[in-house]
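FYI, it's all coordinate maths here, none of it is from the lab. Keep in mind that this is a model prediction, so the values were computed, not measured. We place every Cβ from the backbone using ideal geometry, glycine too, and count neighbours over all the protein chains shown.
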Amino acid sequence: MATYTVTEGNRIEINFNGIIPDEATRDKMKSVKFRWDPGRGLWHGLYNVETLAIAKEVCGIEPVKDFSASKFLKGYALKLKIRDIISADQRQLEIWVKMLKDHVNDVMSEDNSSRTGNSVSPSQESVWMDCFKFIACTLSDLNMAAKEFELVFEYSLPGTVHERPDVFLLTDKKVISLEFKRKPAPQVDDNKDDVAQAIRYKEWLMNHHRVTIDKNLEVKSYLVCTHRDAQPGELRGINILTADNFCSTIEQELNGERSCQFIEEWLSSSKTEMPDMLKAIEIMYREGRIPYISDVNKNCLKKVLWYISGASKKNKKLLILINGVPGAGKTAVAQSVVYEANKNGKANAVYLSGNGPLIEVLQYQINQVGNNRHMGENAIQGMKEFKATFFSPKVAVPEQSILIFDEAQRAWDAEKLKRGFTEPEGLFDIGERIYSRRGYTVLIGLYGNGQVIYTGEEAGLSLWEDALNKHGDWIVLASKDLADKIQVTGERKVVDNDLFLPTSLRADFIDCSKWVEEAICYTHTNLSKAKSEFKKLQKTSMRICVTRDFSKIQERAADIDKDHPEWKYGMLVSNFAEQNIISKALPGWNIGFNGSNAVSMREYGPWFSGGCKELTKVCSVYGNQGLELDCPIVVFSGDYIRYGNKWMTRGYQRNKQQGKYKDIDTIVENNYRVLLTRARKEMIIFIPRDEILDETYQYFIDMGMDEL
């Protein structure tokens, strides 16, 4: 009989006493991240609600030993009725403060092993006491029914590190976050995070909290300034409450509401996952499941898999074009298709990209997870190697029937390919060979607008249209905006808007692309429109700041390491970056080809896995297209500047490469379009101190951007 133990280290262990559990039982344990320890002969995992439930299910008995299990399972410090806070005496308040302190110390020691001892300062204890007294004083006039509602203190948002809103008020229909500040106003003392924090909690609940999403709860977020001089107001869409309006606002929120009947379910909710690409791959290959991304992506994925199934059953030749805004998850859909098509053990789909660094990073991630240096190569291949094998001689047939071509807008023309045909024509020819061998074939193109950055890639969609017209029995499936631009003969075009991904997932549904278009497009930049779009962004949790001082970046990095240790940040530059500008800001740095401060081939995997946080190297667009960071540091390095109230391209690298492109200005602009859409949580724009960049710096300040 299997038994389980909860250890003092907040771990849970299952011992099958020498008996190997069946595959279904192993899969259940793996689904909640239990791992096999061959040395000790047992399964182990982090102790939480999900792992405890599985342990009980597979063992069928109570724990052998349990060290304060309820403390770890709660996930919050206190749950108190408003009336109890109002009637509490000083001694009771001190007991509650002690409980808050003990809870936070437990959480901090769990989440960050570098923190030891007491993580709670005397000033924090004073803030808690101030919060209790403010609530007791201001809510004493609430009606009796409202006083029966419960407040939850220091609830840890599931799946996060150090994200604990001060107070939650729950009803059957609402989740209300109350963030207390002992200040006359938020954003004082050079702290720009107060409002962003309140917005972040609101967005997190709306996008990640499973019970909140499933029960369609309305989410509200307030900042509460307890200082006697505080004034009510509104900042970036967040209402500021004070002693003058706190009671009336709470009474209004609770009018007609019932106390939450499922509060325990809510408090033990799991997190819906929206990982970055590398985390998504880890989940797929380590845990055997496709992570939650969004309903938009789910619809697209299901539709693509349905089309593939139909093609194999009805002997079809399909070209499926998937497009969307930057950060919408085109690569995530593609990787999910590869995983689903190959999970039966056959290599039936392959992801192809000419982006060498992206291939390196994705293969590195899969190989790390699978502990097999060939696993990544089977699922993801470089276009260069694929072309060398299958473009000539024109007889070889890939093992896969589904070819996924990344960055379809960057397909090479015949001149660039130097084989007498274009890349799309070559892929169609391979598709014909696959069809002859297996009776069906599917090409999937991931199409991103405004992201052409290399020579020979400027023809865009026309190359695919030409290839379709040379292969009259292929069917193209695309969203309306792409389908309208493709002219093919006969009824060979299917319009399906599920193939368009309209929502950026990279930053928790925050879409920066509209602001980027208004801010950096050299043909029609409009400061007033850029201001308007930036103002919309300021009402989200996305924080974008500008600085000319690298030491400020280092200070912010230290704060991120302390407050969000799971975040990744790093420096990104244009492919046309000016070495002399970088040298002035960062003396001794060399960002040239294979320079000591430039990320090079075979370094991208480790860099994106954490080396980026060292801030000793910059990654060019060549390396970061298709990838993302929680907080990218985008360096404007003199190749794209504001001059005379307009954008201008310039510099040695730009002039050196001008003859390679049909429109060098658009290529440089596209570099910055890519750079400015890499952020998941925050972005820092670094503009070195050089006279030529003064107007560029002032442009962002005039837009309303805060200085870091």
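Excluding same-chain residues fewer than 8 positions from Lys531, which lysines have a Cα within less than 25 Å of its Cα? By straight Cα distance, Lys531 reaches Lys192, Lys202, Lys514, Lys539, Lys552, Lys646, Lys681. Find which of Ala196, Gln252, Pro158 sits farthest along the positive direction of the dipole of segment 133-270, computed with +1 on the beta-carbon of Lys and Arg, -1 on that of Asp and Glu, about the Cα centre. Most positive-ward Cα: Ala196.
Ranked highest first by the average count of other Cβ atoms within 10 Å around their residues, in what order do 403-414, 531-542 fall?
Details: 403-414: 23.7, 531-542: 18.1.
Ranking the peptides 403-414, 531-542 by packing returns 403-414, 531-542.
Determine the relative contact order of the chain: mean sequence separation of Cα pairs under 8 Å and six or more apart, normalised by residue count, in whole percent. Rounded, it is 10 percent for the chain.
Once you have the Kirkwood Rh of segment 325-433 from its Cα pairs, apply Stokes-Einstein at 25 °C and 0.890 mPa s and quote D in µm²/s. Mind dumping the intermediate values first?
Numbers: Rh = 14.6 Å.
Calculated translational D: 168 µm²/s.
Give the angle, between 0 and 90 degrees and rounded to the nearest 10, that separates the Cα long axis of helix 550-563 from the longest principal axis of the Cα atoms of the chain. Once rounded, the angle reads 60 degrees.
A cut-off of 5 Å between modelled amide H atoms, ignoring neighbours fewer than 5 places along the same chain, links Leu477 with Leu319, Ile320, Leu321, Val494. Taken over the alpha carbons of segment 75-267 as equal point scatterers, the Debye sum produces base-10 log I(q)/I(0) values at 0.10 Å⁻¹ of -0.39. Would you mind checking the tilt of helix 49-59 against the longest principal axis of the Cα atoms of the chain, expressed as 0 to 90 degrees and rounded to 10? Rounded to the nearest ten degrees, it is 90. Shown here: segment 513-707, whose C-alpha atoms stretch 42, 39, 30 Å along the first, second and third principal axes, sorted largest to smallest. Phi angles of segment 167-172 translate, via the Karplus equation with coefficients 6.51, -1.76, 1.60 and θ = phi - 60°, into HN-Hα couplings of 9, 10, 10, 10, 10, 5 Hz per residue; Gly and Pro are given as x.
Helix 122-138 axis versus longest C-alpha principal axis of the chain: approximately 70°, rounded to the nearest ten.
Quick check on packing: order 433-440, 670-677, 652-659 by the mean number of other C-beta atoms within 10 Å, highest mean leading. Intermediate results must be reported in sequence, preceding the final value.
Numbers: 433-440: 16.1, 670-677: 24.4, 652-659: 14.2.
Packing proxy ranking, top to bottom: 670-677, 433-440, 652-659.
A viscosity of 1.002 mPa s and a temperature of 20 °C, combined with the Kirkwood radius over C-alpha pairs in the Stokes-Einstein formula, give the chain a diffusion coefficient of 76 µm²/s.
Counting only residues at least eight positions apart within a chain, or on another chain, the aspartates and glutamates with an alpha carbon under 15 Å from that of Lys493 are Glu465, Asp466, Asp473, Asp481, Asp484. For the chain, the antiparallel share of DSSP beta bridges with both residues in that region comes to about 35%.
Using mean Cβ contacts within 10 Å as the protection proxy, how do 22-33, 462-473 order, highest first?
The densest-packed peptide leads the list: 462-473, 22-33.
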